[in-house]
1. Let me see the P(r) profile for region B:142-246: every Cα-Cα distance counted, bins of 10 Å, each bin given as a percent of all pairs.
2. How far is the Cα center of region A:165-231 from the Cα center of region A:74-127, in Å?
3. May I have the extent of the alpha carbons of region A:99-191 along their three principal axes, as whole Å values ordered from largest to smallest?
4. Extending each Cα 7 Å along its Cβ direction at B:Asp227 and A:Ala172, get the distance between those two points in nm, one decimal.
5. Given H placed 1.01 Å from N in the peptide plane, which residues other than close sequence neighbours of B:Thr53 have an amide H under 5 Å from its amide H?
6. What shape does region A:220-278 have by the C-alpha gyration tensor, where a ≥ b ≥ c are the square roots of the eigenvalues, rounded means a/c under 1.5, and otherwise prolate means a/b greater than b/c and oblate the rest?
7. How many percent of the alpha carbon pairs in region A:134-284 exceed a separation of 29 Å?
8. Can you give the calculated 222 nm mean residue ellipticity of chain A, where each DSSP H run of n ≥ 4 adds -39,500 (n - 2.57) and the sum is split over every residue, rounded to the nearest 500 deg cm²/dmol?
Amino acid sequence: MEKRNWRDFKLYAITAANYHPGRDLLEVMEQAILGGADIVQLRAKDAPKEALLRDARALRELTARYGVPLIVNDHIDVALAAGADGAHIGQDDLPLAEARRILGPDAIIGISTHNLAQALAAERGGADYIGVGPVYPTGTKPGRAAVTTAYVREAAANVSIPWVAIGGITLANAGEVLAAGATRICAVSAIVGSERPAEVCRAFRAKLDAARAGGEPGSIAITVNGRRERTSARTVGALVESLGLAGKSLVVELNGEIVAREAWATAAIADGASLELVHFVGGG
Amino acid sequence: MATMEGQAHDGIGDELIIGGKSLRSRFFLGTGRFPSPAVFRMALEASAAEVVTFAVRRVNLDYAEDDAILQHMDGSGYTYLPNTSGAGNADEAVRIAKLARAAGLSDWIKVEISAHPRTLLPDPIETLRATERLVREGFVVLPYTSDDPILCRRLEEAGAAAVMPGGAPIGTGLGLLNPYNLGLIAEEAGVPVIVDAGIGSAADIVQAMELGASGILVNTPVAKALDPVGMARAMRLAVEAGRLSYLSGRIPKRRYASASSETEGVSVLPGGNGEGRYAAAYGVSNAEAAHGRQAAGPAGSRAKAGDGSDWPESGTR
């Protein structure tokens, strides 16, 4: 069994048996792992402890076979009893310090966060990773306001420990989350609620890989005025328009060369391009 | 000077020509740090400036609306003089100059290469290098430079369209720290000399113009004045006053007084002898005593007007 660094995970799958009635938990989660889920969490808020422990032990055996970390949601005792790799706690669960004291220094402890202050507090408190969400409204967390991709952007700019975007993420909106700066994604119903979890996971992985390599199809990574941006624009003209600067008096430098305004419409920008957009401001 | 129509020094004979462009106003105005666009517009109008300076900066991608200065100017009639502020060497200055020219408004460039964060004094070596390169690139180059006569000559030889020595560090309002040097530069330069930076008030401008400067560039002393519009007008008038004073030939400085009133025919008090008490007291003739002393009191005399001794260095131009 290969021993990967768990921090390299990209696709975080969480169990939700209510989304796959009639199908076995282990079968669904194995499909997810085969499709590319590289960290698995057992979550079953209302299950009796005995059933939870049984599932945890079964998943421990499964995930160990694939070299995938197993995290248990909330129930630190179950995590310990099943020999899971760690636990995930919410803002209202056992405090991080207590969880750490019980689980020990080597356990992976993750925390759900819903704003940057919580994220930074978790980081300071010694969390190993954080969840950033819910990005979108989600049936698995009814009643919680979505934090939108705005918080994803903040996390991308400010959080230095591993963080994973979570909450209502599907194949349809994953591109937006990745464009906001996420490099890890967690999906629940989109994976386990699917008839073909492996295929869904492969599709998520393709989007994650594309984002890392320079964007989901149609999006490239560029630097504008020193800032990393993702854009679907392919010409200087389209970029200027997408930035809301059409009609403004400005000068564009593309990879160190000035692009005359007449050439904006045809000047191509490629992945990795660096642009400077300047204009006249007050000065003496 | 256009307003001085009909006088000896005005109109075509006193136009300021830079880079082939004829300017009526010798007052150049910077556009930075004004309290509001509205105040800037009014100050610009009050200044009657034709040449206006700008800086080149990145567009703020989050607030693209707020900071472009051009939207606050009503277009025509101005000569745009973008600066290279922010550049620390000739390479950066040349790059900024090219970006500025690409805006399509002007091929004039104020080379400004600051070498010290606290004084913002210009780097003479890099300024000269940038001037040489930009002249080759076809720019009309106006370098902001130290008040060094030799450097100014080198910049002129490099093809600068004008030289812009600083009176004092940018924004200090300290006035002309080295009038001697500025006077020398004005005397020797074959291109216009625009005193740029360090001006505090209208008095500094008059002084610079009387030293022979061709024009003045200010920003902070107008923008940060209590009343920027009032100061813009005051400084515009100071430029005109100083220029006209320079052209009109000031009197030589003298050691002693010289009567401005006729010294002949002073009426004396009946019974008086017509000799003032001072002449005797100081052992000088009445002519000398009266010279320049207007309404000198009962001591006025009939003595002939005589020449006072000139102050050793004459201020006459």
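Each reported figure results from applying straightforward, stated rules to the coordinates on display, with no laboratory input. None of these values were measured; they are calculated from a predicted model. Here the Cβ positions follow ideal geometry from the backbone for every residue, glycine too, while neighbour counts run over all protein chains shown.
1. That works out to 18, 51, 27, 4, 0, in percent per bin.
2. Distance between centres, Cα-based: 26 Å.
3. Extents along the principal axes: 39, 26, 22 Å.
4. Here the answer is 6.6 nm between the modelled labels.
5. Those lying under 5 Å, H to H, from B:Thr53 are B:Leu29, B:Gly30, B:Thr31, B:Leu81.
6. Working: a/c = 1.34, a/b = 1.29, b/c = 1.04.
Here region A:220-278 falls in the rounded category.
7. I get 31 percent for the Cα pairs in region A:134-284 exceeding 29 Å.
8. About -10000 deg cm²/dmol.
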